[in-house]
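Computed from the coordinates by the stated procedures, all read-outs in this text should not be read as laboratory data. Worth saying up front: this structure is predicted, and the values here are computed from it rather than measured. As a convention, Cβ positions derive from the backbone with ideal geometry for all residues, glycine included, and neighbour counts pool all protein chains shown.
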Amino acid sequence: MPNLYSIQRFFSKHRTGMLFLAPAVALNLVFFIQPLIRVIQMSFYNWRVIGTNKFLGLGNYQRLVNDPLFWRALSNTVIYTLVVTPGIFLLALALALLLNRKLPGTNVFRTIYFVPVAISFVVSSLVWLWIFNELYGILNYGLSSLGLISSRISWLGSTWMARISVSLMVVWKTAGFSMMILLAGLQGVPVQVYEAASIDGASTRQRFLYVTMPMIRPTFILALMISLIGSFLAFDHFHVMTQGGPANGTLTIVMYIFRTGFEYFNLGYGSAMSIVLLVILIVLSVIQTRFLDSDNVE
Amino acid sequence: MKLKKWQVVGFYLTNTLLAIAFLAPILWTLMTSLKPTHQILTYPPRLLPERFTLEHYRTILSVNDAEFLRYVVNSLIVTSGTIFVVIVVSSLAGYAFAYLRFPGINVFFVAILATMMVPFQSLLIPLYGFMQKIGLLNSYFGLVLMYSTFQLPFCVFMMRNSFASLPPSLRESALLDGCTEAQVFRKIYLPLSLPGFATVLVYSFMTSWNEFLMALTFNSNVKVQTLQVGLTNYYLSRYRTSWEMITTGSIITMIPVLVVFFVLQRYYVRGLTSGAVK
């Protein structure tokens, strides 16, 4: 039976360890666990900035199901994720395969492809807004002087163009990141395996499909999941480039949460949305760990 | 595998073209920021300025009582504050997780790593109310604490691995010789973990400097606004068509991260990919 004495002994025995851990645990409790519990609680209330809060039960969630704008934001986010993830991934894979050689200068190219990763989403968005500028933008000029377009394109003018243009910026900005992860995976494949496959008469294509692919599957999934999760949380670049428009066509979930909470001050309702986002993200994370674990077992 | 000559030529040709494509947006921004104003809004656009000028850099750093400079300073304060807190807290915790284990410590480890799974975006609303209540809205310190909390999982993980890769016998013999735990930590393990610190430093620098959503939500007052937020507001409200201001501001904002990245990229990349290969 634990009594006061044994608790006291436990603390004095492990005091140093607890002291070392204390600052991290304190931050975690105050700025993570505490708001996490609070957001769950708030999602059941009509939470007011001033005055008493009114318990609504599942009211906020019911409202959510019937809110067309919420479904719009959710589908916008999913569409954006489905557009941008393959883009990032294919370019990253191409770059990684291209650089997976021992030739002088490889490091220089690797660094260059990684440069946009270091720049913020805000700055990348501004840089591309200038490129996409309808009247004076270098992209419209370049395409028309090559004879590819006959009139100027309004890159952010319609929902689909805006989605594609923002995705283009994101592919440029993040491909280097996924490339780095894939490269690390590729370089973890022992050379002997390739040599053995070559000796057995495997062609380059066969080596890629039957040696490289299975061996870097965990890395693949990791790179894919990271860009999937990142896309789901998109905010900065849409805030800067489209402000959710045109006609809410690029309004993302995080953007809608931000508006609901800090522009309309519907704190309870925004919390319910946050919970939905949180659940989606946790499901994605669990899928990711499942995949990676099953790969480790094999 | 020997490469044929055409393969080598193809390798350099493809990579050079790709490298140009990757750098072009940044170079184009730089060129725009160095042009005299009347050469910016022209069609066809001119690739190189007729004459290079730094006038926009002077303007943006002095306009409106050097407001932009204040954003730079604000970002520097928040970023360096976060780096300081993160390095101290994560190295202490990392050391505890590596060597000072006690029953139940795994609960804390899981709680800290769980921060990685839960997006901070879903906690913005309760955090806002809380920061308001404790009076840390629109303050450097509030942002530093929140940045630190959400950067901790990666950094604690990094520092734990960094300490755990050192031989535990160092600690044991030092303790036998009469060192205290704090001395072992400070005098033996810290100096040996410099690469781990470098990774944490670069990660924390980049993340804090580039962060936007929390800065936008919690520090809306111009006095404490960070560079990313200030620059965004320049575009969204005041200087929407003044591309000389926007490109100049963009270049100034990206310089610190690019410098840190080029100097310490080895550590940054290693940190990012450390989870990828087991």
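Here the calculated FRET efficiency for A:ASN66 and B:LYS187, from their Cβ-Cβ distance with R0 = 60 Å, stands at 0.40, rounded to the nearest 0.05. Quick check on my link table: of A:LYS102/A:LYS173; A:LYS173/B:LYS4; A:LYS173/B:LYS35, which ones sit more than 28 Å apart, alpha carbon to alpha carbon? Those over the limit are A:LYS173/B:LYS4.
Sort B:MET146, A:MET225 so the one with the fewest other Cβ atoms within 10 Å of its own Cβ comes first.
Going from least to most buried by this count: A:MET225, B:MET146.
For chain A, the gyration tensor built on C-alpha atoms gives an oblate shape. Its axis ratio a/c (a ≥ b ≥ c) is at least 1.5, and a/b is not larger than b/c.
Counting every other Cβ atom within 10 Å of each residue's Cβ, A:SER150, B:SER122 order from fewest to most as A:SER150, B:SER122. For A:LYS13, the aspartates and glutamates whose Cα falls under 18 Å of its own Cα, not counting residues fewer than eight places away in the same chain, are B:GLU172, B:GLU181.
Using the Cβ-Cβ distance between A:GLN243 and B:ASP177 with R0 set to 45 Å, the FRET efficiency works out to roughly 0.10. Site pair A:TYR264 and B:ALA24 shows an inter-label distance of 4.2 nm when each label is modelled 7 Å from Cα along Cα→Cβ.
For B:LEU175, A:LEU126, what's the fewest-to-most ordering of other Cβ within 10 Å of each Cβ?
On the way: B:LEU175 13, A:LEU126 25.
The fewest-first ordering by Cβ neighbours comes to B:LEU175, A:LEU126.
Mean separation of Cα pairs under 8 Å and 6 or more residues apart, divided by the residue count, gives region B:152-252 a relative contact order of 19 percent.
Might you report the magnitude of the Cβ-based charge dipole of region B:159-262 about its Cα centre, with Lys and Arg at +1 and Asp and Glu at -1, to the nearest 20 debye? Spell out each step's value before the answer.
On the way: 7 positive and 5 negative charges, 50 e Å.
Once rounded to the nearest 20, the dipole reads 240 debye.
Here the simple spin-label model places points 7 Å from the Cα toward Cβ, and for B:ASN106 and A:GLU134 these points are separated by 6.0 nm.
Taking 1 over the mean of 1/r across every pair of different Cα atoms in the protein assembly as shown, what Kirkwood radius in Å do you get? Don't jump to the answer; show the numbers that get you there.
Numbers: mean 1/r = 0.0385 Å⁻¹.
Answer for the protein assembly as shown: a Kirkwood hydrodynamic radius of 25.9 Å.
Taking the charge dipole of the protein assembly as shown about its Cα centre, with +1 at Lys and Arg Cβ atoms and -1 at Asp and Glu Cβ atoms, the residue from B:THR37, B:TRP243, A:ALA202 reaching farthest to the positive side is A:ALA202. Ranking A:THR289, B:ASN138, B:LEU100 by Cα position along the charge dipole of the protein assembly as shown, where only Lys, Arg, Asp and Glu carry charges on their C-beta atoms, puts B:LEU100 farthest toward the positive end. Under the combined filter of DSSP loop state and at most 14 neighbouring Cβ atoms within 10 Å, region B:1-97 retains these trypsin sites (Lys or Arg not before Pro): B:LYS2, B:LYS4, B:ARG46, B:ARG51. Within a straight-line Cα-Cα reach of under 24 Å, B:LYS223 can be paired with the following lysines, leaving aside sequence neighbours fewer than 8 residues apart in one chain: B:LYS133.
Roughly how big is region B:26-273's charge dipole about its Cα centre, with Cβ charges of +1 (Lys, Arg) and -1 (Asp, Glu), in debye to the nearest 20? Could the numbers behind the result be given before it?
Details: 16 positive and 9 negative charges, 28 e Å.
In debye, rounded to 20, region B:26-273 gives about 140.
Below 8 Å between Cα atoms, with a sequence gap of 6+, how large is the relative contact order for region B:26-273 in percent? Don't skip to the end; give the middle numbers.
Values: 252 pairs, mean separation 75.3, N = 248.
Dividing the mean separation by the residue count of region B:26-273 yields 30 percent.
Under the convention that each Lys and Arg Cβ holds +1 and each Asp and Glu Cβ holds -1, the size of the dipole of region B:1-128 around its Cα centre is about 680 debye. For the residues of A:105-118, the average number of beta carbons from a partner chain within 10 Å of their own beta carbon is 6. Once you order the gyration tensor axes a ≥ b ≥ c over the Cα atoms, which shape class does region A:31-140 get: rounded for a/c under 1.5, otherwise prolate or oblate by comparing a/b with b/c? Judged from the Cα gyration tensor, region A:31-140 comes out prolate (a/c at least 1.5, a/b above b/c).
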